[in-house]
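See below for the structure under consideration.
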Amino acid sequence: MRISKYLHSCLLFEQDDYQLLVDPGLFSFTEDLVHEQQFANVNAIIVTHKHPDHLDINVLKSITSLSEATVYTNAEVGGLLAAEGLSYQLLQNGLNRIGPFELEVFEVVHEPLLDNPTPQMTAFIVNGKVLHPVDSFEDKLLQHKGIELVLLPVMAPFTTEIKVAAFADQLQPKRILPVHDGFAKPFFVNQRYQNYKQHFDKKGILFHIVDDIGESITVE
């Protein structure tokens with residue numbers, strides 16, 4: 001399984017010639033560094049929640065018109081898509097099969113934001129090895145302690161480096177792929193990556209530094 005990062009929280013999972021795109025939101029496309037045409041061959045798209053950095057209706061319309069990909073999401077996002085004439089399939093809590101990917105799906109609580117209602121948010125584990133907590137550090141995620149890889153939100157209005165590190169220290173994944181950092185300039189992102197890497201090296205956790213758009217890591 002290959003996982004490629006296209007700024008912020010836009011991720012492409014690939015396995016057996018099948019492409020699963022996650023959260024093609026506004027932050028990934030707003031500076032024209034990533035384009036919808038790059039995802040013309042995706043087979044499926046997951047949208048985890050309604051916040052614009054994870055869901056952009058116009059981007060989603062463009063990608064689905066190019067690819068005819070099936071969109072999977074929760075009921076709250078589904079209502080927004082239906083109002084725009086976009087079809088979707090509901091991600092059910094529990095085991096879901098999307099192409100070659102086996103997803104354990106469950107709801108998590110979004111971290112608090114200033115004057116912002118809490119959205120319905122869907123997290124998942126891919127092939128029993130990759131935890132995507134989305135924008136949550138909820139305690140129940142710690143039941144997956146020791147998982148192979150976590151997609152860790154490392155920058156956000158709802159967190160600090162201390163809170164991020166404390167969550168990952170408790171989770172004790174073998175590896176970390178940092179996400180949710182698309183609003184910071186590259187020099188600052190790299191600086192913070194180095195800080196995180198030094199911390200997690202001491203914990204025996206591999207922190208993947210992904211600097212380039214579309215850069216990939218693999219999970220066996």
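The values are calculated or read from the model by the stated rules, or taken from the named source; none is laboratory data. Quick caveat, the model's predicted, so the values are computed rather than measured. Positions of Cβ are generated from backbone atoms using ideal geometry, with glycine treated the same way; all protein chains shown enter the neighbour counts.
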In the stretch 47-85, anything hydrophobic (A, V, I, L, M, F, W, C) and within 17 Å of Phe29 (Cβ to Cβ) is listed as Val47, Leu55, Ile57, Val59, Leu60, Ile63, Leu66, Ala69, Val71
Given the options Lys5, Lys61, name the one that is over 21 Å from His180 (Cα atoms), among the basic types (Lys, Arg) and modelled with pLDDT of 95 or more. Lys61
The one condition in (1) modelled with pLDDT of 95 or more; (2) of a type outside the set (Val, Ile, Thr); (3) part of a helix (DSSP H, G or I) that Phe27 fails to fulfil: (1)
Taking Asn96 and the conditions (1) more than 13 Å from Tyr72 (Cβ to Cβ); (2) surrounded by fewer than 20 Cβ atoms within 10 Å (Cβ to Cβ); (3) under 18 Å from the mean Cα position of the chain (by Cα), which numbered condition does it fall short on, given that it satisfies the others? (1)
For Phe13, state whether it is touching a Leu at 6+ places or on another chain (Cβ under 8 Å), modelled with pLDDT under 95 and either assigned to a helix (DSSP H, G or I) or not β-branched (Val, Ile, Thr) (or both). no
Could you list all residues from the stretch 114-128 that are touching a strand residue (DSSP E or B) at 6+ places or on another chain (Cβ under 9 Å) and in contact (Cβ under 8 Å) with a residue 60 or more places away in the chain? Gln120, Met121, Thr122, Ala123, Phe124, Val126, Asn127
Mind checking which residues of the stretch 1-45 are touching a strand residue (DSSP E or B) at 6+ places or on another chain (Cβ under 9 Å), over 22 Å from Asn116 (Cβ atoms) and among the β-branched types (Val, Ile, Thr)? Ile3, Val42, Ile45
Please determine, by comparing only the residues of the stretch 30-66 that are part of a loop (DSSP other than H, G, I, E, B) and among the aliphatic types (A, V, I, L, M), which one is surrounded by the fewest Cβ atoms within 10 Å (Cβ to Cβ). Leu33
Scanning the stretch 67-93 for residues that are within 26 Å of Arg2 (Cβ to Cβ) and either hydroxyl-bearing (Ser, Thr, Tyr) or without any contact (Cβ under 8 Å) to a residue 12 or more places away in the chain (or both), the one surrounded by the fewest Cβ atoms within 10 Å (Cβ to Cβ) turns out to be Glu68
